[in-house]
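The values are calculated or read from the model by the stated rules, or taken from the named source; none is laboratory data. Please read all numbers here as calculations on a predicted model, not as lab measurements. Cβ placement follows ideal geometry from the backbone for every residue including glycine, while neighbour counts extend to all protein chains displayed.
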Amino acid sequence: MKIYNHLILTFGVALMLFSCGQQNQSSNGALSSSAAEKVYVAPGEQDEYYAFLSGGYSGNLTVYGLPSGRMFKEIPVFSQFPTSGYGYSEETVPMLNTSHGFVPWDDAHHPDISQTNGELDGRWIFINGNNTPRIARVDLSTFETAEIIEVPNSAGNHSSSFITENTEYVVAGTRFSVPVPQRDMPINEYKGNFKGALTFISVDPEHGHMAIKFQLLMPGFNYDLSHPGRGKSHGWFFFTTYNTEEANSLLEVNASQNDKDFIAAINWKKIEEYVNNGGGTKMPANYAHNVYDEHSHTGTSTMRNEVLTVDPTKVPGAVYFLPTPKSPHGCDVDPTGQYIIGNGKLSADLTVHSFDKMIAAIEGQKFDGEAYGIPILKFEDVLAGQVKSGGLGPLHTEFDGKGNAYTTFFISSEVVKWQLGTWEVIDRKPTYYSVGHLMIPGGNSRKPFGKYVVAMNKITKDRYLPTGPEMEHSAQLYDISGDKMELLYDFPTHGEPHYAAGCPAELLTSNSKKIYRLDENRHPYAVTSADGSKVVRDGNEVHVYMSTIRSHFTPDNIEGIKVGDKVYFHITNHEQDFDVPHGFAILGQNSSELLVMPGQTKTSVWEPKQVGVWPFYCTDFCSALHQEMQGYVRVSPANSNTELKWSLGE
Amino acid sequence: MKKAGILMILGPLFLLGLYVFPLWNIMLGAPQYPDPLGLNIHINGLRGVSEFDIQNIDGLNHYIGMHTLPKAEEMWEFGTFPMVIGIMVGIGVLIGVLGYLGKVSYKWFLGWFLLMSILGILGMYDFNEWLVDYGTNLDPNAIMKLTNPDGSPMTYKPPLLGHVKMLNFDVTSLPSTGAWLMFMGMMLTLVAAFMGWKSTKNQN
């Protein structure tokens, strides 16, 4: 029987090849039946890995399976999401509050899964909002955004959100240096006056709650990307910089003049100690801290008004600059913590620094001058080696845990596999096209799972059926279990994925919640039994305590609402069965629907503007009687005396 | 007769398992319930195999007009059965002790076995009566009133034993741990009776 299936599969794939071959001559002609088998997850079977791809300008995080490339969920993080009501419902609007008011969008870049002892622990995933600097924490038992903290004194929150190996900190660095504190000043006085804030946000080990521990106010360079030290280099953090020229205009030319920029090596343990001993300066600030409570199903936004800043020159031995050629972009640390890789994006070569050599150079006080009081180490003293790749535009490097590194080359559109220590190139494979980040599950930890690499590309062009000028970006999946990489599969991605994080499926599957418990629902407007449903008027505000269960709303007839009222529909889903949400939408709603999970309560505000009898209904095809799941609200003139009443089945 | 007495003491004690383990189990699987819903029937009440199974079975059954599953206080059986089992265990152990001491003959062992068998059959009969009522006493205003091919109203009695396909559900009803323990215990008393009979015969 197995052989028979195998034959069918081979035959099927052969047919596909035959039918597609003519359309796309440039596709990999070596696509073999074994490649098809490797990505084929049969109906009813499940993927081996989760992959969390940032949504870039979608502001969200998407969840995929590997090797199939199937998308399972889009998790709303920084953007309003009408599908679920995130950012529209009364409970989630506070999640998008900032010091600039309600900001319903961001540019989400670099997800990172929480770690314990340098290995993925699968509790949370963090992601940065680039535009209005924020860091979010997504709970990996609910796959929902649990917390968002705004980062003050930052702008272009790009060298973020990377975590230390016991999730002590999630780190957020600024790409754009700005006046700190912000003030009205001429732009061309940037040089020497702007600062680059590197923010260390502590993570509560039990609840994951974030708090800004300190901000390191660095010289006004652009802090592009970062990664933590691990193993022997645990306690250090490394940031690539560009624009060490401190140009404030036409950066594409003016920030590309220096032959070398820096990787900033930050000994955060030393600064932590300094801060714990009372060091640092408290500075007035204004930033939002938004926390979602899983039991009240409600987000709360609190404004914070102070941040602890640290001047790097005040903490001797805490910060050093490692010269690194050509405006390095990605800053990647190998699983042992020994090698720090600077991906010089305007170069053909990769620069690899040695942690041991860096420590020896620091101990030997071998400096090559200083920048704004921060010692610069000698390039030759810290250099472990250079990878002469022959590619162009190296951006990012990941590791397979078997002594190999994989680097993306944006300009030459390829992934290059090379060996740590010998710096020899082992293999190279094209990507389609202009690859940015790549991701190996666990590739940013002490323990990578070196079976697949996903390359996330910036340009799609002819990879899929055309969909007009705008197309989704494309990802490629490669098998890296052998000596040579093998291209297995193309799949479109949503938004613009920058970085991604992946982990073995079993790390998350058993913790993934199926329902919210109704008996743990502490929403102030929840109805936990159907006979608790009611409608309460308070001036022109009306609160509807409504429950849902297959296949009706309680109540489903409401009278006595008047034009000009502000009607709060608090919907509690009484189902306690996996995957039975109910939706709520009412004609003329000026926001979005609500999609309410079992045991959950969500609130939508409706302000009726016209007299009439207006229907509401369940938007999720919940059951065989879904079409019957509807109700009416009678809206009377503002000055009428229609009695407030509600009912079900009368 | 001493060995027979020991077995006769042990056998009824197996019935104590009924206070912990379910007597019967009914599983309901369907395409949209890959993790089937399950009902465990204990001598003192019904419990879901998973926490919310009873609520979810009731939720589904309301479409076809079935009544909700009874709570423990809604059926006299759930009060009476634990008492009957307790009394029978007590009597059985007492007979075993007396047998061990040579005060009663193996016929008492057999007597206990027969009484327990009759009670068991009566219990099964009663259980089946409830299943019939549960599956056929339907709300006349049910949302879905389905008919068999012959035009008669469709009913939903779960099987007493075995598997039945019921609409989209596969319903499987089987004895559970408590019943198997009871069965083993009763078998032990039968063996005790047999051994008692043999030793009596040898003495003669």
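Within region B:34-64, work out how many residues are surrounded by fewer than 19 Cβ atoms within 10 Å (Cβ to Cβ), in contact (Cβ under 8 Å) with a residue 12 or more places away in the chain, within 11 Å of chain A (Cβ to nearest Cβ) and in a strand (DSSP E or B).
Qualifying residue count for the region: 1.
Which residues, taken from region A:310-324, are touching a Leu at 6+ places or on another chain (Cβ under 8 Å) and surrounded by fewer than 21 Cβ atoms within 10 Å (Cβ to Cβ)?
Scanning region A:310-324 gives A:311, A:312.
Working carefully through the options A:516, A:499, A:545, A:464, find the one that is modelled with pLDDT of 95 or more and within 14 Å of chain B (Cβ to nearest Cβ).
Matching residue, one of A:516, A:499, A:545, A:464: A:516.
Mind counting the residues in region A:519-542 that are within 13 Å of chain B (Cβ to nearest Cβ) and among the small types (Gly, Ala, Ser)?
Final tally of qualifying residues: 2.
What's the number of the condition residue A:254 fails, among (1) touching a residue at least 12 places away in the same chain (Cβ under 8 Å); (2) surrounded by fewer than 24 Cβ atoms within 10 Å (Cβ to Cβ); (3) not aliphatic (A, V, I, L, M)?
Unmet for residue A:254, out of (1) touching a residue at least 12 places away in the same chain (Cβ under 8 Å); (2) surrounded by fewer than 24 Cβ atoms within 10 Å (Cβ to Cβ); (3) not aliphatic (A, V, I, L, M): (1).
Yes/no per residue for (1) hydroxyl-bearing (Ser, Thr, Tyr); (2) crowded, with 17+ Cβ neighbours inside 10 Å; (3) part of a helix (DSSP H, G or I); (4) more than 14 Å from chain A (Cβ to nearest Cβ):
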residue: B:66; (1), (2), (3), (4): no, yes, no, yes
residue: B:78; (1), (2), (3), (4): no, yes, yes, yes
residue: B:88; (1), (2), (3), (4): no, yes, yes, yes
residue: B:92; (1), (2), (3), (4): no, yes, yes, yes
residue: B:112; (1), (2), (3), (4): no, yes, yes, yes
residue: B:123; (1), (2), (3), (4): no, yes, yes, yes
residue: B:126; (1), (2), (3), (4): no, no, yes, yes
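What is the number of the single condition among (1) surrounded by fewer than 15 Cβ atoms within 10 Å (Cβ to Cβ); (2) within 26 Å of residue A:421 (Cα to Cα); (3) out of contact with any helix residue (DSSP H, G or I) (no Cβ under 9 Å at 6 or more places or on another chain); (4) not hydrophobic (A, V, I, L, M, F, W, C) that residue A:345 does not meet?
(1)
What residue, of B:200, B:189, is within 24 Å of residue B:22 (Cβ to Cβ), hydroxyl-bearing (Ser, Thr, Tyr) and in contact (Cβ under 8 Å) with a residue 40 or more places away in the chain?
On inspection, the qualifying residue turns out to be B:189.
Can you tell me which of (1) free of Cβ contacts under 8 Å to residues at least 40 places away in the same chain; (2) within 14 Å of chain B (Cβ to nearest Cβ) is the one residue A:624 doesn't meet?
(1)
Which residue out of B:101, B:7 is surrounded by fewer than 18 Cβ atoms within 10 Å (Cβ to Cβ), away from chain A (no Cβ under 14 Å) and over 22 Å from the mean Cα position of the chain (by Cα)?
Criteria check complete, one pass: B:101.
Among the residues of region A:558-577, which ones are over 15 Å from residue A:594 (Cβ atoms), more than 14 Å from every other protein chain (Cβ to nearest Cβ) and either free of Cβ contacts under 8 Å to residues at least 40 places away in the same chain or not in a strand (DSSP E or B) (or both)?
A:563, A:564, A:565
Which residue is nearest to the chain's Cα centre (by Cα), if the candidates are limited to region A:413-468 and must be among the aliphatic types (A, V, I, L, M) and assigned to a loop (DSSP other than H, G, I, E, B)?
So the residue we want is A:440.
From the set of residues in region A:292-341 that are touching a Pro at 6+ places or on another chain (Cβ under 8 Å) and in a loop (DSSP other than H, G, I, E, B), which is nearest to residue A:144 (Cα to Cα)?
Filtering region A:292-341 for residues that are touching a Pro at 6+ places or on another chain (Cβ under 8 Å) and in a loop (DSSP other than H, G, I, E, B), the one nearest to residue A:144 (Cα to Cα) comes out as A:296.
Looking only at region B:134-148, how many residues end up being assigned to a loop (DSSP other than H, G, I, E, B), under 13 Å from residue B:167 (Cα atoms) and either touching a Lys or Arg at 6+ places or on another chain (Cβ under 7 Å) or more than 14 Å from chain A (Cβ to nearest Cβ) (or both)?
Residues that pass the stated criteria total 1.
Only one residue in A:214, A:238 is buried (at least 20 other Cβ atoms within 10 Å of the Cβ) and either part of a loop (DSSP other than H, G, I, E, B) or in contact with a Cys (Cβ under 8 Å, 6 or more places away or on another chain) (or both). Which one?
Result of the check over A:214, A:238: A:238.
The conditions are (1) more than 14 Å from chain B (Cβ to nearest Cβ); (2) at pLDDT below 95, and residue A:551 fails exactly one of them. Which is it?
Of everything listed in (1) more than 14 Å from chain B (Cβ to nearest Cβ); (2) at pLDDT below 95, residue A:551 misses just condition (1).
Exactly one of (1) closer than 30 Å to residue A:510 by Cα; (2) surrounded by 22 or more Cβ atoms within 10 Å (Cβ to Cβ); (3) not aromatic (Phe, Trp, Tyr) is unmet by residue A:206. Its number?
The number of the failed condition is (2).
How many residues are part of a loop (DSSP other than H, G, I, E, B) and not aromatic (Phe, Trp, Tyr) if we restrict to region A:63-109?
Residues in region A:63-109 being part of a loop (DSSP other than H, G, I, E, B) and not aromatic (Phe, Trp, Tyr): 24 in total.
Have a look at A:519, A:483 and point out the one that is of a type outside the set (A, V, I, L, M, F, W, C), closer than 30 Å to residue B:51 by Cβ and without any contact (Cβ under 8 Å) to a residue 60 or more places away in the chain.
A:519
Go over the candidates A:559, A:520, A:593, A:541 one by one and state the one that is buried (at least 21 other Cβ atoms within 10 Å of the Cβ) and acidic (Asp, Glu).
Among A:559, A:520, A:593, A:541, only A:593 is buried (at least 21 other Cβ atoms within 10 Å of the Cβ) and acidic (Asp, Glu).
Of everything in region A:380-401, what is over 27 Å from the mean Cα position of the chain (by Cα) and either assigned to a strand (DSSP E or B) or in contact (Cβ under 8 Å) with a residue 12 or more places away in the chain (or both)? Give them in sequence order.
Hits for region A:380-401 are A:381, A:382, A:383, A:384, A:385, A:386, A:387, A:388, A:389, A:390, A:391, A:392.
May I ask you to verify whether residue A:114 is assigned to a loop (DSSP other than H, G, I, E, B) and in contact (Cβ under 8 Å) with a residue 40 or more places away in the chain?
no
Taking residue B:159 as the residue in question, decide whether it is under 21 Å from the mean Cα position of the chain (by Cα), in a loop (DSSP other than H, G, I, E, B) and either over 18 Å from residue B:39 (Cβ atoms) or away from chain A (no Cβ under 14 Å) (or both).
Criteria met by residue B:159.
Residues A:610, A:600: which one is more than 14 Å from chain B (Cβ to nearest Cβ) and surrounded by fewer than 17 Cβ atoms within 10 Å (Cβ to Cβ)?
One residue alone meets the criteria, A:610.
Return yes or no: is residue A:274 among the aromatic types (Phe, Trp, Tyr) and either within 25 Å of residue A:110 (Cβ to Cβ) or part of a loop (DSSP other than H, G, I, E, B) (or both)?
When the stated conditions are applied, residue A:274 does not pass them.
Can you name the number of the only condition in (1) among the charged types (D, E, K, R); (2) within 14 Å of chain B (Cβ to nearest Cβ); (3) not in a loop (DSSP other than H, G, I, E, B) that residue A:490 fails?
(2)
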